[in-house]
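The values are calculated or read from the model by the stated rules, or taken from the named source; none is laboratory data. Here the structure is a predicted model, which is why all the values come from computation and not from measurement. Positions of Cβ are generated from backbone atoms using ideal geometry, with glycine treated the same way; all protein chains shown enter the neighbour counts. The protein model used for the area step is the full one, side chains on, heavy atoms only, and it has no ligands, DNA or RNA in it. Shrake-Rupley method; radii C 1.70, N 1.55, O 1.52, S 1.80 Å.
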Amino acid sequence: MLPELLQGVDTGGLLVIQDSASYSGRHLLQSFINAALNREEAVHVLGFEVSEEELKDGLRGSPVQRLHFHNAYTDPLGWTDHPAFTVHQFCLGELTRLVKQTSHSKPAILVIDSLSWILRHVSTPDVCRTLQQLRKGGAVRSIIGLLHADMHQRGTVGSVCHSATSVITVEPAMRGDEAVAKITKRSKSGKVIQDEEIFRIKDDLTVLVQSKSSKGAKKADSEEQETDPTANLTFNLRLSDTEREAKQKLALPFVFSKAKKTALLHSGPGSGRIHYEPDANDDYDQEDPDDDLDV
């Protein structure tokens, strides 16, 4: 599933790369930027954690002509007189203005490096609201954000990931140059697909999937084998062929045979009948049979 996501996030999609101190997701983020540039797509990067020079140095060999870096690294809080971009400008209007400054025929991809920096200074509901507005506004084709999960409370991480259409959680693997990607993807129909892959990032930022982790094998090792609850019962829950045949022949008291139905519905000779002829005192109204009731 990881190569499929690298080929392009769905229009209006939000991809969150979730990492921790044990394994950085920045190299995978650079792989997504590199893949988008190779597809000749315009990429806008909100850089809070690395400078433009460091970012482009990591993308060496990539076509960076369509890469637009918005410098939030130098002065992210606006302490100087003329900051390039601050964390307080993270709103729909400012981001739309930034993206539309460049002339491209197709909507661009917005990369946020990182969401953790914004979440430290902007409330979680405001961040999620802005992300949803960007997804539906049409100014950007898709959004890719890096999130350091161990820097936030579980509720904050859950809120951001719930807003995403795809979440990639990266963890270290057994080998030093490999990592594990736990992927959760939500389709437009609401179906949730989960996968787990072991990958390696090459020097040219291409991602090589080594193998797929077997979830079933891990569960079998960690959980006890399920036992049959009917194995050691003192009675039998299953019927033999003879018992099943006898059950089908049994006449139940509340099931009427055809002969019994005929006898009950059609009265024979000598049976009594009740005839009633209403008189004038009955005062029966056909339109309102309950007219004489005091209700």
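Given the conditions (1) open to solvent by 70 Å² or more (accessible area, probe 1.4 Å); (2) part of a loop (DSSP other than H, G, I, E, B); (3) touching a residue at least 24 places away in the same chain (Cβ under 8 Å), and given that R175 satisfies all but one, which numbered condition is not satisfied?
(3)
Would you call L29 more than 22 Å from T102 (Cα to Cα), buried (at least 16 other Cβ atoms within 10 Å of the Cβ) and either touching an Asp or Glu at 6+ places or on another chain (Cβ under 7 Å) or at pLDDT below 95 (or both)?
In short, yes.
For V192, state whether it is within 10 Å of the chain's Cα centre (by Cα) and modelled with pLDDT of 95 or more.
No, not satisfied.
If I go through region 39-67 residue by residue, how many of them are among the small types (G, A, S) and open to solvent by 70 Å² or more (accessible area, probe 1.4 Å)?
1
Please specify each residue of region 68-101 satisfying the condition of being β-branched (V, I, T) and open to solvent by less than 50 Å² (accessible area, probe 1.4 Å).
Hits for region 68-101 are T86, V87, T96, V99.
Hey, does region 117-131 have a residue that's over 26 Å from the mean Cα position of the chain (by Cα), charged (D, E, K, R) and surrounded by 14 or more Cβ atoms within 10 Å (Cβ to Cβ)?
So far as region 117-131 goes, no, none of its residues is over 26 Å from the mean Cα position of the chain (by Cα), charged (D, E, K, R) and surrounded by 14 or more Cβ atoms within 10 Å (Cβ to Cβ).
Taking region 123-171 on its own, how many of its residues are touching a residue at least 12 places away in the same chain (Cβ under 8 Å) and among the basic types (K, R)?
Looking only at that region, the number is 3.
I183 - would you say it is within 23 Å of L119 (Cα to Cα), in contact (Cβ under 8 Å) with a residue 24 or more places away in the chain and surrounded by 10 or more Cβ atoms within 10 Å (Cβ to Cβ)?
The answer is yes for I183.
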